[in-house]
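Below: one structure, written as structure tokens.
The values are calculated or read from the model by the stated rules, or taken from the named source; none is laboratory data. Computed from a predicted model, the values in this text were never measured in an experiment. With ideal geometry, Cβ positions are generated from the backbone for all residues, glycine too; neighbour counts draw on all protein chains shown.
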Amino acid sequence: MKQSTRPAHGDSNARRRLGEKLRQAREYLGLSQDEVARHLRVPRTALTNIESGQRRIDALELKSLPTSTAKPSVISPETKTRVLLRCPPT
């Protein structure tokens, strides 16, 4: 039996939720999409699509986010990780 190549509905919801958390964390840290996109070495439009849930984020991109989205002199690595994994209050 042939498997569908379309993502399951739950996958797109999960992608949207993750993208929203990443956007909130980026904004909370005061970083622009351009700054994060440059660090990830992706076009800003790719980051826009990740944040909106239209593009999957690959494991290497996700792994580099905690170090790419903080200003080292201000935020500790532990705090960066916590911020990225939990939405800050709005």
> Can you name the condition, by its number, that Thr81 falls short on among (1) at pLDDT 85 or above; (2) assigned to a helix (DSSP H, G or I)?
Replying inline: (1)
>> Here's a check for you: in the range 31-64, which residue that is aliphatic (A, V, I, L, M) and touching a residue at least 24 places away in the same chain (Cβ under 8 Å) is surrounded by the most Cβ atoms within 10 Å (Cβ to Cβ)?
In response: Ile50
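Return yes when Val74 is at pLDDT below 60 and not in a loop (DSSP other than H, G, I, E, B) and no when it is not.
Answer is no for this residue.
Say we look at the range 23-55 and pick out the residues that are part of a helix (DSSP H, G or I), aliphatic (A, V, I, L, M) and in contact with a Ser or Thr (Cβ under 8 Å, 6 or more places away or on another chain); which of these is nearest to Gly10 (Cα to Cα)? Working first, answer last.
Step one: list which residues in the range 23-55 are part of a helix (DSSP H, G or I), which gives 23-28, 33-40, 44-52.
So of that shortlist, the ones also aliphatic (A, V, I, L, M) come out as 25, 36-37, 40, 46-47, 50.
Now drop any that are not in contact with a Ser or Thr (Cβ under 8 Å, 6 or more places away or on another chain), which leaves 25, 36, 40.
Details: Ala25: 22, Val36: 27, Leu40: 26 Å.
Looking at the filtered set, the residue picked out is Ala25.
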> Among the residues of the range 1-24 satisfying the criterion of being at pLDDT below 85 and either aliphatic (A, V, I, L, M) or closer than 12 Å to Leu65 by Cβ (or both), which is surrounded by the fewest Cβ atoms within 10 Å (Cβ to Cβ)?
Replying inline: Met1
